Amino acid sequence: MSTSEDEHEILKDGTFNRQGNHFTTKFGDAEGEVEAEPNRYRLIWGEICPWSNRASIVRKLLGLEDVISVGKVNPQRTPEGWEFSLDDNGVDPVLGIQYLAEAYSASDPEYDGRATIPALVDTKTGKVVNNDYHTLTNQFEIAFKKFHKKNAPDLYPEDIREDIDALNTILFNEVNNAVYQAGFAKSQEAYEKAYDKLFRRLDWLDDRLADKKFLFGNRLTDSDVRLYVTLARFDAAYYPEFHVNRNRLIDFTNLWRYARELYKIPAFRDTTNFESIKKGYQHRPFGIVSKGPDTRIWDDPIH
């Protein structure tokens, strides 16, 4: 099983080509789908990871804490992959495993990709059911709807669902994944292509938010979750470590205001750990983690 992006995800021209998602089981009542059963599935996530962070945010926004349990991996990935070293005795208390890769091997002994987060694991079998970060939040929003808390936000409203899907595709290709294409690039050309793509789209998003609280006006949606997780990591990780350094998040007037608006919402704030983000992304000699940036400014008044 792979434990590094360098093994299978770098093209000949130096471009980072992220691996696909292997476990894509959907929840629902249709043929081939599985029931969205409460107290059966466990969301494995890590505070470093934007893909899994957005699943943890949506889980809290919708009030699914008593329906889907969570396990958390150490933000620093080991040579054996993601490890449950934050737990007592270094094993997940529900799944009884030390490394997430064990659940992937139990699901498919022939699997040779990376054991990625988020992963939704069936606690009855110990097998990964879904690691498709593209659709996992949508599964929570639709298939688990009957378990949502009272007055939970409709993050995926039907009347603008196509617009959300279209924007989410843009966000993935030109923001969420673009920072990694810059950071993991193995050629100057691949790096600069990703860098330019990223900042063109960030400029566009900053303009879009000039007269909007959220991406779709006053409606908090799935798209806001997807953009937020990249913005929250930008100044602490992507700017210094991935060299996407034209300017910082705090230099964007509207994106910076928008990110702090979201940070005020408990589900966003409670799942954002800047120290874990820095520990996971920074690879400095002697294990030193940078003291800055000063994240207290996320609590500054919004004008």
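The orientation-averaged projected area of the convex hull spanned by the Cα atoms of region 142-210 comes to 6.7 nm². Annotation: amide H of Gly71 within the under-5 Å range of Leu43, Ile44, Trp45, sequence separation 5 or more or interchain, hydrogens built in the peptide plane. For the set Lys149/Lys213; Lys124/Lys213; Lys186/Lys264; Lys150/Lys278, the pairs lying more than 31 angstrom apart at their alpha carbons are Lys124/Lys213; Lys186/Lys264; Lys150/Lys278. In this structure the amide hydrogen of Phe214, modeled in the peptide plane, comes within under 5 Å of the amide hydrogens of Arg219, none closer than 5 places in sequence on its chain. Computed from phi, the 3J(HN,Hα) profile of region 234-250 under the Karplus parametrisation 6.51, -1.76, 1.60 (θ = phi - 60°) reads 5, 6, 7, 10, 5, 4, x, 8, 9, 6, 8, 10, 5, 7, 8, 4, 5 Hz, with x in place of Gly and Pro. Fully extending the segment from Asn151 to Asn247, taken as 0.36 nm per residue of separation minus the present Cα-Cα distance, adds 30.7 nm. For the chain, the share of DSSP beta bridges that are antiparallel, to the nearest 5, is 70%. Solvent-accessible area of the chain (1.4 angstrom probe, protein heavy atoms only): carbon and sulfur portion equals 46 percent.
Test of understanding: in a Gaussian network model of the chain with alpha carbons linked when under 10 Å, which of Ala106, Ala55, Ala178 would top the mean-square fluctuation ranking? Highest fluctuation of the listed residues: Ala106.
Centre-to-centre separation between the Cα atoms of region 6-54 and those of region 69-142: 10 Å. In the full protein context, the chain carries 47 Å² of accessible surface per residue, based on a 1.4 Å probe and ignoring ligands, DNA and RNA. In region 182-303, the ratio of gyration radius to Kirkwood radius, Rg to Rh, stands at 0.97 when only Cα atoms are counted. Converting phi to 3J(HN,Hα) with the Karplus coefficients 6.51, -1.76 and 1.60 and the offset θ = phi - 60°, region 147-155 yields 9, 5, 5, 4, 6, 5, x, 8, 7 Hz in sequence order, with x at every glycine or proline. Exposed loop sites here are trypsin sites (Lys or Arg not before Pro) assigned a DSSP state other than H, G, I, E or B and surrounded by at most 16 other beta carbons within 10 Å; excluding them, the longest clear run of the chain is 19-123.
Once you've got the GNM for the chain with C-alpha springs shorter than 10 Å, pick whichever of Ile57, Ile170, Ile44 has the biggest mean-square fluctuation. It is Ile170. Rounded to whole numbers, the Karplus 3J(HN,Hα) couplings from phi for region 110-123 are 8, 5, 10, x, 7, 7, 9, 10, x, 9, 9, 10, 6, 6 Hz, using 6.51 cos²θ - 1.76 cosθ + 1.60 with θ = phi - 60°, and x at Gly and Pro.
Kirkwood hydrodynamic radius of the chain, from the reciprocal of the average inverse Cα-Cα distance over all distinct pairs: 19.9 Å. Size of region 1-77 from its Cα atoms: along the principal axes, largest to smallest, the extents are 45, 33, 22 Å.
Of the chymotrypsin sites (Phe, Trp or Tyr not before Pro) found in region 57-124, no site is in coil according to DSSP while having at most 16 other Cβ atoms within 10 Å of its Cβ.
Of all aspartates and glutamates in the structure, those lying under 13 Å Cα to Cα from Lys127, and not within fewer than 8 positions of it along the same chain, are Glu102, Asp108.
Where only DSSP H runs of four or more residues are counted, the chain gives -9500 deg cm²/dmol as its mean residue ellipticity at 222 nm, each run worth -39500 (n - 2.57).
Overall form of region 24-175: prolate. Here a/c, set by the Cα gyration tensor axes a ≥ b ≥ c, is 1.5 or more, and a/b is the larger of a/b and b/c. The relative contact order of region 184-272 comes to 27 percent, based on Cα pairs under 8 Å that sit 6 or more residues apart.
The values are calculated or read from the model by the stated rules, or taken from the named source; none is laboratory data. Just so we're clear, the structure is a prediction, and the values are computed from it rather than from any experiment. Note: ideal-geometry Cβ built from the backbone for every residue, glycine included; neighbour counts use all protein chains shown. Accessible surface areas use protein heavy atoms only, side chains included; no ligands, DNA or RNA. Shrake-Rupley method; radii C 1.70, N 1.55, O 1.52, S 1.80 Å.
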